[in-house]
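> Next up is a structure, given as structure tokens.
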Amino acid sequence: MSTSEGRAAGRGDRARYTQLLDHAGRTTVGLCAAPGRAGARPWGSGVLIAPGWVLTCAHVLAASDGRRRDTGPDGGFGVTFGGRVVPARLAYDLSRPDPDAGPAAARADLALVRLLDPETEHPCAWLSDQPATLLEDAYIFRGHDQPGAGAEGDGAAGGDAGAGRRGERVVRDSGEARGPQDGRTVPQPGDGPGPRVPGEGRGAHGAPAGPRAPTTPVDPFIAVRFGARDARGLQFGSDVRVTPGASGGPLLDCDRGEVVGIVKGRHQQDHVGLAVPVTALRGLGPEHLVAGAEGLGPDPYHALMSLHDRWHWAGQDLGSAVGPTWFDAQHAIMAGRGRLWGVQERLQALDLLARLPAPRDPLVVEAAVGEVLERGERPGAWLLRTWRDGHGALYQGSDPYTELRAFVHYLRIVAQLTADEVRDVPGDEAAGVREQAARLAEFVQAKAVVLQPQDRRRIGPVRRRPRSVLVEFEPLFYDEGGQELFNWSVSEGYGQGQWLRVDVQESAGGVPFEQAREQVLRRLGGRLLRADGDAGPGARVRLEVAVPEGHWDTAAGQWEVAASTRRTARLRPVGPGRAVILRDQGRREQVDPAWLRRWQGLAAARELHALRIPPRPGADARRGSAEAIWRLLETAGDGALPALCHTVADGFGRDAVGVALDTGFPAGLWPAHGHGGERDCDAGCEEFHRGVRELLQGSGGVARLPELVRQLRAKAAEAAEEGTHWARDLVLLYDDPEDPIPPLFTDRPQVSPR
């Protein structure tokens, strides 16, 4: 299609823009002196972007000499829209230098104005979540000169949209007025009426507008002939001179139905202007809050855009919708384009993202986008701060199916990362976050059903934050010499029975336990370090070791593993540096009711207390005491936790642990090298039981036991505290039925969190 044909087609399509232009006109405001201050000229324009919030240029609120405008003793001024003037106040100024940043820090000519009456109802414009590049069909808007002028029915000016040519003049991002000879932009903070814009005026719903009153000197918007982004911002040109007083008003990309920029200024001689991209708002921080103003909290950008996205989604409520919405206008524009991820999907996705907490680090957003777009660690072209920004970075001009797959993959990552952040956090707030993450995950599942099976598998594994590494020894059978043989596996754990196997040794014959243990230790150091890195800065994931009966004396806390990924790395004991727990390999996915009941009792108990087995020194474990042990364990209270000083590898100790497990106990303590049943307890046993009592009395609950035992091991290893040597080989059985270990070998797929 030729250029002339393209422009003609563009003019023919303008009927689809009528509703969009009406919405944009009603969200554009004028800024002026406070209500009741007579004789004040309008300063410039702004755009309503969230309930109670106006986005404008910072220089609009400054006089021509650069000083702050006269706003009265309370700092208030007026915002005009819908035939009224409402009081407002400057809240954030992004043009102010950050005192903690260097002199070269970027500053944006943007400001946020808060409406002072919280009950003021108004429409909101849609801010783009993606950077603008070329503008092929766009308009700029200006606020009304006085209350009632141009409100509810000012129409679209005609004009021809260009094909994205660059302006011939240089337009600089400067707030200073310059002469025409230097070819630079002059900001226009309301410098009087300009020429009328040619074109046909239309009413709010596309009907021809009546004769304009003489008091309305200009139409509210003009067509952009060309527009393109460079290092200075969005440079654009029009068929007429940019209307004075348009500074601070929105630049609307009709092809996408979004506000992509805020008008900054115009050239003094020709029809070239400059706009600040709305993506510059991502630089908003608490340091931009004006003294005495009421702000949006510690992360104002996330809070502001959450208000924006939730407002637009709420406007689609069938029970409250009173007329066409901005979404309806976008839907009319996008109809027939064959998009699988359309405005409806975007609207709902951004609402769900707005209900999540801000990402803990902007780099997390960048990493998620990089994973989806398969660009590795290479940073993107635009600063990404929130989940919304990451969503906008996925528009790559690809085919509809590839685009849908990218969005589904990204949202799956966000849902999982958010859930992992609050996985073990108590309280209602964390529970609410988990609920919102689950809602996002359900949305993803619904949108993924149209994907091909191989793509569903591809986006299913999401990189997550592990909380543990599980080593599991699976007994096979006995060889001819009577030696038990094993296979083994290593899995990453994510809570609630979700595991991902990352290493496995599976053979028909198996190997002896000691050989299996040595094979594990050769690889375990690197695996733990990788899991630590995935868990976050400074994290140390828990090591869980699942063994069968007969190996409950495994001193996993004393295992030595590689301290780094170097080929010749030194070996360090694992127990002092991270929590290490023992699990029963015989307990699987099917949770015994007694096991769950005991766990819930321990979790709810105000205090834990040691249940000494046998109950008194000198008790004869070899003659008739089995029934007494059963009774002792079956009748123990909720806060009881078995403690044995005997060896648990065989004899009485092994039987006692078996009874404890059969009666549902999920936790217990014993030394890896306890004494045999052939001798009675001695002073070392008394020291052990005394230490266990003190540990449990100050534990604060069963959930803290793994870390408290780690601290004891660390003190014992360093001999940092007298009387802790008894804890050097301390074994903690910690078997959470709400997070059961997985089957080692199964044909059923695992819950795949990566």
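The values are calculated or read from the model by the stated rules, or taken from the named source; none is laboratory data. Since the model is a prediction, treat every value here as computed from it, not as a measurement. FYI the Cβ positions are ideal-geometry reconstructions off the backbone, even for glycines, and counts take in every protein chain you see. Remember, those area values only see protein heavy atoms, side chains included, never the ligands or the DNA or RNA. Shrake-Rupley method; radii C 1.70, N 1.55, O 1.52, S 1.80 Å.
> HN-Hα J couplings of the range 548-556 from phi, Karplus 6.51/-1.76/1.60, θ = phi - 60°, integer Hz, Gly and Pro as x?
Result, rounded to whole Hz: x, 4, x, 10, 6, 8, 5, 8, 4.
> Whenever you get a sec, compute what percent of the accessible area on the range 277-329 sits on carbon and sulfur atoms (1.4 Å probe).
Accessible surface attributable to carbon and sulfur in the range 277-329 totals 61 percent.
> Applying a 10 Å radius around every beta-carbon, put 592-605, 301-314 in order of their mean neighbour count, most first. Write down the numbers at each step before the final one.
Working: 592-605: 16.1, 301-314: 20.5.
Highest mean packing first, the order is 301-314, 592-605.
> Just add up the charged neighbours of residue 635: K/R +1, D/E -1, any other residue whose Cβ is under 15 Å from the Cβ of residue 635.
Values: positive: 597, 598, 612, 631; negative: 627, 634, 638, 662.
Its environment carries a net charge of 0.
> Still on this structure: Using amide H atoms built in the peptide plane, which far-off residues or other-chain residues are under 5 Å from residue 488 H to H?
When sequence neighbours closer than 5 places are left aside, the close amide H contacts are 474, 505.
> Between beta-carbons, use under 11 Å as the cut-off and find the net charge around residue 459, counting Lys and Arg +1, Asp and Glu -1.
On the way: positive: 405, 412, 447, 456, 457, 458; negative: 371, 455.
The answer is +4.
> Then there is this: Using the Karplus equation 6.51 cos²θ - 1.76 cosθ + 1.60 (θ = phi - 60°), what ³J(HN,Hα) coupling, rounded to whole Hz, does each residue of the range 297-314 give in order, writing x for Gly and Pro?
Couplings: x, x, 10, x, 5, 4, 5, 5, 6, 5, 4, 4, 5, 5, 4, 5, 5, 4 Hz.
> Oh, and also: Cut-off 20 Å, label point 7 angstrom out along Cα-to-Cβ of residue 597: give me the residues of the range 664-700 whose amide nitrogen falls inside.
Residues passing the 20 Å test: 664-668.
> Follow-up. To the nearest 20 debye, what charge dipole does the range 625-737 have about its Cα centre, counting +1 at the Cβ of each Lys and Arg and -1 at the Cβ of each Asp and Glu? List each step's numbers first, then the result.
Working: 10 positive and 19 negative charges, 52 e Å.
Dipole about the Cα centre, nearest 20: 260 debye.
> On average, how much accessible surface per residue is there in the range 275-358, in Å², for a 1.4 Å probe, leaving out ligands, DNA and RNA? Show your work: numbers first, answer last.
Working: 3460 Å² over 84 residues.
I get 41 Å² per residue for this part.
> For the residue pair residue 399 and residue 232, what label-to-label distance in nm results when each label sits 7 Å from Cα along the Cα-to-beta-carbon direction?
Distance between label points: 4.1 nm.
> Going by the alpha-carbon gyration tensor, a ≥ b ≥ c the square roots of its eigenvalues, is the range 636-722 rounded (a/c under 1.5) or, if a/c is not under 1.5, prolate (a/b greater than b/c) versus oblate? Kindly include the intermediate steps, with their values, before the conclusion.
Details: a/c = 1.96, a/b = 1.16, b/c = 1.69.
Taking the square roots of the gyration eigenvalues as a ≥ b ≥ c, the range 636-722 is oblate.
> Take residue 287 and residue 635, extend 7 Å from each Cα along the Cα→Cβ direction, and tell me the distance between the two endpoints in nm.
Distance between label points: 6.9 nm.
> Around residue 289, with a cut-off of 10 angstrom between Cβ atoms, what is the net charge of the other residues, counting Lys and Arg +1 and Asp and Glu -1?
Result for the local shell: -2.
> Can I ask one more? For the ranges 344-351, 259-266, 541-548, what's the packing order if you count other beta-carbon atoms within 10 Å of each residue, average per peptide, and put the highest first? Each step should come with its number before you reach the end.
Working: 344-351: 19.4, 259-266: 28.5, 541-548: 22.9.
The most tightly packed comes first, giving 259-266, 541-548, 344-351.
> Let me ask something else about it. Can you tell me the FRET efficiency between residue 519 and residue 344 if r is taken as the Cβ-Cβ distance and R0 is 60 Å, rounded to the nearest 0.05?
Values: r = 53 Å, r/R0 = 0.89.
My answer for the efficiency is 0.65.
> Which residues' amide hydrogens lie under 5 Å from the amide hydrogen of residue 258, considering only partners 5 or more residues apart or on another chain, with H built in the peptide plane?
253
> Right, here's the next one. Using the Karplus curve 6.51 cos²θ - 1.76 cosθ + 1.60 with θ = phi - 60°, work out ³J(HN,Hα) for each residue of the range 527-538 in order, rounded to whole Hz, and write x for Gly and Pro.
5, 5, 5, 5, 5, 4, x, 5, 6, x, x, x
> State to the nearest 20 debye the size of the charge dipole of the range 472-525 about its Cα centre, where the only charges are +1 on K and R beta carbons and -1 on D and E beta carbons. Write out the running numbers ahead of the final one.
Details: 4 positive and 10 negative charges, 53 e Å.
Approximately 260 debye in magnitude.
> What is the gain in length, in nm to one decimal, between residue 675 and residue 361 on full extension, counting 0.36 nm per residue of separation less the C-alpha to C-alpha distance?
Numbers: separation 314, 0.36 × 314 = 113.04 nm, distance 5.12 nm.
Roughly 107.9 nm would be gained on extension.
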